[in-house]
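The values are calculated or read from the model by the stated rules, or taken from the named source; none is laboratory data. Keep in mind that what you see is a predicted model, and the values were worked out from it rather than measured. Cβ placement follows ideal geometry from the backbone for every residue including glycine, while neighbour counts extend to all protein chains displayed. These accessible areas exclude ligands, DNA and RNA; they are computed on the full protein's heavy atoms, side chains included. Shrake-Rupley method; radii C 1.70, N 1.55, O 1.52, S 1.80 Å.
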Amino acid sequence: MGRFLREMLRSLGGSARDLTPIVLVVAFFELVVLRQPVPDLGGMLYGTALVLIGLALFVRGLEMALFPIGENIAQGFVRKGSLFWLLLFAFGLGFGTTVAEPALIAIADEAATIAAAGGVLEDTAVARSDYALGLRLTVALSVGFAIVLGVIRILKGWPIQYFIITGYLGVVLMTSFAPAEIVGIAYDSGGVTTSTVTVPLVTALGVGLASAIRGRNPMVDGFGLIAFASLTPMIFVMAYGMVA
């Protein structure tokens, strides 16, 4: 219990340090530049405290659960020696975490609402729901594909820069052909996939996999999966826009 409290205090201190610059910037522009009182100061202070506690609990939870789970599963697949199950797990992990990503759910719903208002699709609940679901599934499939590709790269020891350069060339090429209405959504979809649910598990998978394979460096080979997870959705969503 004493160790847990010490770790929680450490997490709270780290969260407070990380939030301090944000609070200072907001306070400076609110009080010095705009010269207006802070609306509902008590509520904002209460909300900030909740954010601080929530962030500390989230970071501690990552350290205690998600990172060890991802690393242990990756190492277990390496010991088992089954490439099929490893790749199936990689795809399922990428797909499942992305579908559950709160940021993606929010941006998909917002994109559907704006598309309906702009006349891109029918302004009905069913049409908006189908559009948002299609967008979420497209992004999730792209992340699953990206994680599989990243795992193969780690297994083979291929340099990551060639994949990244090729991927962004593909993004530039797709941008030239995709409808203008989908390009911005596609670019933002690449960012929302690298959020609270996806990043910890995917990072743990890459590091655990590189740690378990002889000749792989976890620092060099273990990271980079998140880059794939943010790159492929841009291509897939633009393709979705061209089809849908």
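Before moving on, here are some points about what is shown:
- Label-point separation in nm, residue 129 to residue 216, each point 7 Å along Cα→Cβ: 4.2 nm
- With contacts taken as Cα pairs under 8 Å at a separation of at least 6 residues, segment 135-231 carries a relative contact order of 43 percent.
- Heavy-atom surface analysis with a 1.4 Å probe gives segment 2-84 a carbon and sulfur content of 72 percent of its accessible area.
- Stretchable slack from residue 38 to residue 79, in nm (0.36 nm times residue separation minus alpha-carbon distance): 9.0 nm
- With the convex hull drawn over the C-alpha atoms of segment 1-143, the volume per residue is 194 Å³.
- Full-extension gain in nm, residue 187 to residue 88, via 0.36 nm per residue minus C-alpha separation: 33.0 nm
- In this structure, residue 117 and residue 28 have a Cβ-Cβ separation that, at R0 = 41 Å, corresponds to a calculated FRET efficiency of about 0.70.
- Note on residue 168: accessible area approximately 100 square angstrom, rounded to 10, probe 1.4 Å, nucleic acids and ligands left out.
- For segment 209-223, Karplus couplings with θ = phi - 60° (6.51, -1.76, 1.60), whole Hz, Gly/Pro x: 5, 5, 6, 8, 9, 5, x, 9, 9, x, 6, 8, 9, x, 9
- Within the listed set 224, 119, 150, the Gaussian network model of the chain (springs between alpha-carbon atoms below 10 Å) gives the highest mean-square fluctuation for 119.
- Mean separation of Cα contacts under 8 Å (6+ apart) over length of segment 1-79, as relative contact order %: 43 percent
- Computed packing ranks the peptides 53-61, 235-243, 32-40 as 235-243, 53-61, 32-40, most packed first, by mean other Cβ atoms within 10 Å.
- Computed [θ] at 222 nm, deg cm²/dmol, the chain (DSSP H ≥ 4; -39,500 (n - 2.57); rounded to nearest 500): -27000 deg cm²/dmol
- Size-normalised alpha-carbon gyration radius of segment 74-159, reference 2.2 N^0.38 Å: 1.44
- Anisotropy class of the chain from Cα gyration tensor, a/c 1.5 cut: oblate
- For segment 138-215, the carbon plus sulfur part of the accessible surface works out to 69%, probe radius 1.4 Å.
- Inter-part distance where segment 133-153 and segment 185-244 are each reduced to a Cα centre, Å: 8 Å
- Dipole magnitude of the chain about its Cα centre (Cβ charges: Lys, Arg +1; Asp, Glu -1), debye to nearest 20: 1200 debye
- Accessible area per residue for the chain, computed on protein heavy atoms with a 1.4 Å probe, is 55 Å².
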